[in-house]
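Below: one structure, written as structure tokens.
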Number of protein chains: 2
Amino acid sequence: MTYCVAMRLDEGLVFASDTRTNAGFDHIATFRKMHLFEKLGERSLVLLSAGNLATSQSVVKLLERRAGTNEPNILNAESMFEAAELVGQTMREVIQRDNPDGKISHVDFSCSLVLGGQIQGDGHRLFNIYPEGNFIEATEETPYFQIGESKYGKPILDRVVTYDTPLDRAYQSALISFDSTMKSNLSVGMPLDIAIFRKGTLQPSLMHRVEENCEYFRTLRQQWHQGIQDLFTGLTPPPMAL
Amino acid sequence: MTYCVAMRLDEGLVFASDTRTNAGFDHIATFRKMHLFEKLGERSLVLLSAGNLATSQSVVKLLERRAGTNEPNILNAESMFEAAELVGQTMREVIQRDNPDGKISHVDFSCSLVLGGQIQGDGHRLFNIYPEGNFIEATEETPYFQIGESKYGKPILDRVVTYDTPLDRAYQSALISFDSTMKSNLSVGMPLDIAIFRKGTLQPSLMHRVEENCEYFRTLRQQWHQGIQDLFTGLTPPPMAL
């Protein structure tokens with residue numbers, strides 16, 4: 001399983017992904033699900049992936065391989081929209097290669113992608129790309145996308161994230177969202193990859209890995225857990241005797 | 001969709017269910033998903049249902065119809081375990097009636113049930129009954145079961161509910177769990193049905209419906225939402241500039 005979340009906010013973009021993959025409970029591995037495509041001073045894009053690892057790896061490798069060529073690719077696309085079209089097209093191509101005409105029905109070849117970033121001359125934008133290769137774009141009303149195991153970590157985002165949320169707060173909300181998810185689903189696991197872009201900059205202002213022993217994440221998890229207990233303890237008791 | 005949660009705690013049993021059913025977004029109705037089977041002074045059982053409404057209604061009706069007869073039924077079962085067997089058997093019977101030999105594959109006839117309560121001479125017990133009619137029982141380590149749309153409301157339960165949680169606290173945690181679920185999934189909706197049994201009693205100490213305008217639930221939802229915001233605001237800021 002996988003959990004990834006990405007937000008497009010007034011101040012910029014926030015991306016977070018876990019690194020656990022599993023093919024059965026006894027076949028667990030660590031894989032990067034966050035991929036950076038950059039052309040210094042001109043563009044910087046992040047791709048997050050969830051779903052079939054063979055499909056998403058092929059998509060990333062094909063995008064990387066073509067990035068050096070003259071054919072249309074992620075490093076010469078003129079807008080984020082065009083880049084999203086290209087990624088969607090690449091996904092369709094890989095799924096068609098591995099499962100021509102959808103003949104194999106007992107394997108799920110699909111994957112979900114989130115693509116965000118900024119290309120010079122275009123705003124900071126964020127897209128959710130479906131297994132069929134079509135996609136939707138984040139708006140001020142719907143400023144975040146989740147892919148993979150999204151439900152456990154959604155309530156906290158819905159309560160604290162809006163388009164106006166500052167980047168540091170958004171970063172914290174992503175970490176709390178991962179904490180809730182990892183408590184409930186063992187197949188989402190540490191370390192976490194984080195990327196943050198400030199609006200108008202063409203490179204990440206933060207790109208780092210949160211490891212198991214990260215002091216700050218540990219502090220945050222403890223504060224949150226204790227805070228929830230205290231908040232719960234302080235609720236008005238029921239009006240009737242039970 | 002549906003969300004139901006039931007807890008078996010040291011002090012007793014707590015049951016909660018929503019009442020919304022939908023067959024498509026434009027076909028929404030209110031149905032009771034909590035059913036009480038009682039023999040005054042001797043037994044009191046609650047059945048919660050999620051899944052195919054035709055299946056769960058038939059199961060409940062058959063259980064009710066047989067309750068007055070001499071054949072083995074939910075009002076003469078000698079233990080909660082025997083009652084769970086009977087409910088599982090009734091579910092298998094209904095699914096077999098409606099979909100003989102599983103020939104129809106485009107309709108999901110399955111439903112999930114939770115059965116709990118107390119029969120004189122037996123402890124307060126709680127069972128999760130699967131669509132196949134087999135079942136598991138709650139233990140001190142795993143004191144609660146959820147059926148239906150369970151993920152959004154699970155993190156809060158995992159943080160505050162243990163076997164030692166008092167009934168009034170457990171009632172509050174169920175309401176908060178519903179609040180989180182209803183914020184994220186429109187197909188889980190008010191009003192909510194609640195039943196609470198104190199251990200050793202053979203009738204509910206509380207059986208009521210939480211309506212949309214319930215003052216206490218509204219207070220709790222506000223306190224929780226505001227409390228989460230305050231808790232979030234008070235978290236230690238990230239150690240790096242973003």
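The values are calculated or read from the model by the stated rules, or taken from the named source; none is laboratory data. A quick note: this is a predicted structure, and the numbers were derived from the prediction, not measured. In this analysis, Cβ positions are derived from the backbone assuming ideal geometry, glycine residues included, and neighbour counts consider all displayed protein chains. All accessible areas refer to the heavy atoms of the entire protein, side chains included, with ligands and DNA or RNA removed. Shrake-Rupley method; radii C 1.70, N 1.55, O 1.52, S 1.80 Å.
Just a few scattered comments:
- Inter-site label distance for A:Asn70 and B:Phe31 at 7 Å from Cα along Cβ, in nm: 6.4
- Nearby lysines by direct alpha-carbon distance to B:Lys199 (threshold 27 angstrom, same-chain neighbours under 8 apart not counted): B:Lys33, B:Lys39, B:Lys154
- Under-5 Å amide H pairs with B:Glu149, H placed in peptide plane, nonlocal only: B:Thr2, B:Tyr3, B:Cys4
- For segment B:62-74, backbone phi angles converted through the Karplus equation (6.51, -1.76, 1.60; θ = phi - 60°) give residue-by-residue couplings of 5, 4, 5, 5, 7, 4, x, 9, 8, 5, x, 8, 5 Hz, Gly and Pro being listed as x.
- Choice from A:Arg20, A:Arg159, A:Arg169 showing the highest fluctuation, given a GNM over chain A with Cα pairs closer than 10 Å: A:Arg159
- Loop-exposed GluC sites (Glu not before Pro) per DSSP, neighbour cap 11 Cβ within 10 angstrom, longest uninterrupted part of chain A: A:1-131
- Taking amide H as placed 1.01 Å from N in the peptide plane, the amide H of B:Cys111 sits under 5 Å from that of B:Asn52, each at least 5 places away or on another chain.
- Karplus 3J(HN,Hα) series, Hz, for segment B:162-170 with 6.51 cos²θ - 1.76 cosθ + 1.60 (x for Gly, Pro): 10, 4, 8, 4, x, 4, 5, 5, 5
- Each of B:Gln226 and A:Tyr130 was given a label point 7 Å from its Cα along the Cα-to-Cβ line. The distance between the two points is 4.1 nm.
- Probe 1.4 Å - accessible area at B:Asp158, Å² to nearest ten: 50
- Accessible surface ranking that places the most exposed of B:Phe135, A:Phe127 first, with a 1.4 angstrom probe: B:Phe135, A:Phe127
- Choice from A:Ile104, A:Ile196, A:Ile74 showing the highest fluctuation, given a GNM over chain A with Cα pairs closer than 10 Å: A:Ile104
- Against chain B, whose longest principal axis is taken from its Cα atoms, helix B:215-233 shows a tilt of about 50°.
- Net charge, B:Pro238 excluded, C-beta distance under 10 Å - Lys, Arg +1, Asp, Glu -1: 0
- Highest-fluctuation residue, B:Leu40, B:Leu62, B:Leu220 considered, GNM on chain B with Cα pairs under 10 Å: B:Leu40
- Heavy atoms of A:Thr233 accessible to a 1.4 Å probe, total area in Å² rounded to 10: 90
- Debye equation applied to the C-alpha atoms of the protein assembly as shown, log10 I(q)/I(0) at 0.08 Å⁻¹: -0.57
- If the segment from B:Met207 to B:Thr142 were pulled out straight at 0.36 nm per residue, it would be longer than the present Cα-Cα gap by 21.0 nm.
- Computed over protein heavy atoms with a 1.4 angstrom probe, the accessible surface ordering of B:His35, B:His124, largest first, is B:His35, B:His124.
- In degrees, nearest ten, helix A:80-98 long axis to first principal axis of chain A (Cα): 80
- With K and R counted +1 and D and E -1, the other residues having a Cβ less than 14 Å from that of A:Leu53 yield a net charge of +1.
- Only helices enter this figure: runs of n ≥ 4 DSSP H residues, each worth -39500 (n - 2.57), summed and divided by the residues of chain B, yield -10500 deg cm²/dmol at 222 nm to the nearest 500.
- For the residues of B:224-234, the average number of beta carbons from a partner chain within 10 Å of their own beta carbon is 5.
- Ratio Rg/Rh, restricted to segment B:148-224 and using Cα atoms, in which Rh is the Kirkwood radius: 0.96
- Taking a ≥ b ≥ c as the square roots of the eigenvalues of the Cα gyration tensor, segment A:3-232 is oblate, since a/c reaches 1.5 or more and a/b is not larger than b/c.
- Charge sum, other residues only, whose C-beta stays under 9 Å from B:Lys199's C-beta, Lys/Arg counted +1 and Asp/Glu -1: -1
- Within the assembled protein chains, the solvent-accessible surface assigned to A:Asp164 is about 120 Å², based on a 1.4 Å probe.
- Qualifying trypsin sites (Lys or Arg not before Pro) for segment B:83-126 [loop in DSSP, other Cβ within 10 Å: at most 12]: B:Lys103
- Taking amide H atoms as placed 1.01 Å from N in the peptide plane, the amide H of B:Gly189 lies under 5 Å from those of B:Thr19, B:Arg20, each 5 or more residues away in sequence or on another chain.
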